[in-house]
Amino acid sequence: MAKRVILLIGTKKGTFIAESDEARQEWSLKGPFCDAWPINHVIGDAATGTIYAAGGNEWFGPSVWKSADLGETWTRSGNGFNYAEGEDPVKSAWSLAKSHGRLHVGVEPAGLFVSGDDGENFEHVESLRAHPSRETWVPGAGGLILHSIVPHPDDPNELWVAISTAGVFHTADGGKTFDARNKGTRAGFMPEGMQYPETGQCVHCIVMAAGRPDRLYQQNHTGMYRCDDGGEQWVSIEEGLPSEFGFPAAAHPHDADTVYFIPLNGAIEGRFVPDGKAAVWRSRDAGATWSALRNGLPQENAFFGVLRQAMATDNLDQAGIYFGTNTGTLYGSRDEGDNWDVIGQHLPVIHSAETMVIDA
Amino acid sequence: MRERSDSACDVVLPDALLRLFPQAKRRLTVSAADVGGLIDALDERWPGMGACLRDSRPAVRKHISIMIDGERAVLETPIASGTTVYVLTAVSGG
């Protein structure tokens with residue numbers, strides 16, 4: 001059956017939706033949706049066709065928007081995004097994951113919420129903020145945010161989350177308890193001798209390898225990493241890349257050894273693509289060696305960055321790879337990164353990109 | 001603490017809030033003892049509106065102003081009969 005490829009884009013000024021067919025050559029673009037609120041993450045559930053968008057505005061606080069008709073109509077809920085009285089309130093919803101009939105939401109200040117009724121009401125997963133390291137969590141440039149939620153595909157009790165700046169945490173008991181999973185990742189901004197703490201790493205993004213739930217890839221403030229044991233021990237895979245700094249990571253949808261990063265020039269050098277030349281870097285051997293993918297990307301005077309949730313893959317046989325810049329340009333590749341085209345431009349700052357492939 | 005009794009007041013809601021609750025009225029009459037009670041009354045009529053105006057501290061949201069007699073009110077601010085309460089969105093954004 002023919003497919004519709006839906007590209008879901010979260011921006012500083014609302015949600016946008018791009019659509020193509022399996023050829024992925026011609027794209028239509030519509031939006032902004034969600035009342036042009038700042039939207040940090042948009043995901044789609046291919047099983048139902050439902051779209052969820054997480055964000056928050058300064059006036060009315062955190063919300064999750066939902067559309068069951070590919071963006072034609074939307075509902076919104078902020079029900080239950082409550083911390084205990086006296087604590088700093090939830091400011092914004094930052095990340096989403098739908099799995100095993102539940103919708104998980106990461107928020108700022110960092111915490112995890114879950115909805116069992118498809119995004120109508122949300123309940124705080126209190127155990128995460130009860131972790132003994134909680135008092136040491138500090139905001140990064142984007143705030144104290146829970147930005148990555150990685151559910152186990154088969155075990156509904158197992159889940160990884162990542163917080164900037166606190167690190168990676170894992171639960172194996174459905175959120176009753178969380179333990180830190182940061183061994184081997186560097187907190188390079190700390191003094192010598194203190195750079196490998198149990199928590200406090202500035203993790204920027206984690207993703208799961210296709211078909212290997214024990215393998216995760218991580219972009220950190222200082223370094224790129226892989227683990228093959230659910231995060232018990234991370235190893236550096238940054239050798240061969242132009243810098244240790246970047247935000248997004250994307251795992252190939254079918255090959256556990258293939259992963260994509262977009263290294264930037266550095267944390268204090270402007271956070272641009274290096275030398276004003278844009279490239280996505282791909283490894284086909286789990287991070288042992290790297291290739292720069294540049295065809296179709298600007299190779300002079302490019303001074304943009306790509307934010308932590310703004311790169312994605314689709315799940316077609318020849319995978320599509322997509323990323324959006326903080327200058328509002330959306331790029332896509334229909335051949336696994338070998339060649340790139342502009343899908344949209346002049347958009348607001350792009351916070352996130354995700355895909356949903358459904359039957360036509 | 002002395003228990004306050006409800007007073008009827010006029011409430012004026014901002015455009016940005018009405019976009020989220022299209023069935024709500026721009027101007028309506030509500031009976032409440034204080035601003036917290038007024039938000040409860042709005043939430044009862046239009047579920048979810050309360051969370052848009054009051055956070056979990058609890059306090060009026062940082063970028064919402066609730067004005068009574070020219071002063072910015074807090075949740076405990078009493079409501080006098082016949083007054084007009086303006087709910088305003090701060091001039092924030094970017």
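No lab work stands behind these numbers, since they all come straight from the coordinates. Just so it is clear, the structure is predicted and the values come from calculations on it, not from any experiment. Because the Cβ atoms are built from the backbone with ideal geometry, glycine has one as well, and the counts that use them run over all protein chains shown.
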What FRET efficiency comes out for the pair A:Ala360/A:Asp255, r = Cβ-Cβ distance, R0 = 25 Å, nearest 0.05?
0.45
So which trypsin sites (Lys or Arg not before Pro) in the range A:20-85 end up in coil per DSSP with only 15 or fewer other C-beta atoms within 10 Å?
none
Can you give me the distance in nm between label points at B:Lys25 and A:Asp21, each placed 7 Å from the Cα along the Cα-to-Cβ direction?
5.3
Stretch gain in nm, segment A:Asp335-A:Val138, where the contour uses 0.36 nm per residue and the Cα spacing is subtracted
67.0 nm
Starting from the Cα gyration tensor of the range B:7-89, multiply each eigenvalue by 5, take the square root, and state the resulting semi-axes largest first in whole Å.
17, 15, 12
Report the calculated FRET efficiency for A:Leu29 and B:Glu44 (r = Cβ-Cβ distance, R0 = 35 Å), to the nearest 0.05.
0.30
Once you've got the GNM for chain A with C-alpha springs shorter than 10 Å, pick whichever of A:Val64, A:Val90, A:Val306 has the biggest mean-square fluctuation.
A:Val90
Compute the Cα gyration tensor for the range A:121-224, then decide on rounded, prolate or oblate, letting a ≥ b ≥ c be the square roots of its eigenvalues: rounded whenever a/c is under 1.5, prolate when a/b is larger than b/c in the other cases, and oblate in all that remain.
oblate
Please turn the phi angles of the range A:222-235 into ³J(HN,Hα) values with the Karplus equation 6.51 cos²θ - 1.76 cosθ + 1.60 (θ = phi - 60°), one per residue in order, whole Hz, x for glycine and proline.
10, x, 10, 9, 9, 10, 10, 9, x, x, 5, 8, 9, 10
Roughly how tilted is helix B:35-45, in degrees to the nearest 10 and between 0 and 90, from the longest Cα axis of chain B?
60
At 7 Å along Cα-to-Cβ for each site, give me the label-to-label distance between A:Met194 and A:Ala84 in nm.
2.7
Near A:Arg271, within a Cβ-to-Cβ distance under 14 Å, what is the net charge of the other residues, with Lys and Arg +1 and Asp and Glu -1?
-2
Measuring from centroid to centroid over Cα atoms, what is the spacing of the range A:82-130 and the range A:1-72 in Å?
20
Sites matching trypsin sites (Lys or Arg not before Pro) across the range B:1-67 that sit in DSSP coil, with at most 10 neighbouring C-beta atoms within 10 Å
B:Arg2
Relative contact order (%) - criterion: Cα under 8 Å, at least six apart; region: the range A:54-152:
24
If I build a Gaussian network model for chain A, linking alpha-carbon pairs within less than 10 angstrom, which residue out of A:Thr177, A:Thr11, A:Thr48 has the largest mean-square fluctuation?
A:Thr48
Each residue of B:55-62 has, on average, a number of other protein chain C-beta atoms within 10 Å of its C-beta equal to 6
Neighbour net charge for B:Thr77 - beta-carbon separation under 12 angstrom, K R +1, D E -1
-2
Take peptide A:82-89, look around each residue's Cβ out to 10 angstrom, count Cβ atoms belonging to other protein chains, and average those counts.
4
If R0 = 41 Å, then A:Arg284 and A:Asn157, at their Cβ-Cβ distance, give a FRET efficiency to the nearest 0.05 of 0.80
Show the residues, 5+ positions off or on another chain, whose built amide H is closer than 5 Å to the amide H of A:Ile237.
A:Met224, A:Tyr225, A:Arg226
Taking the range A:1-51, which GluC sites (Glu not before Pro) meet the DSSP loop condition and have no more than 11 other C-beta atoms within 10 Å?
A:Glu26
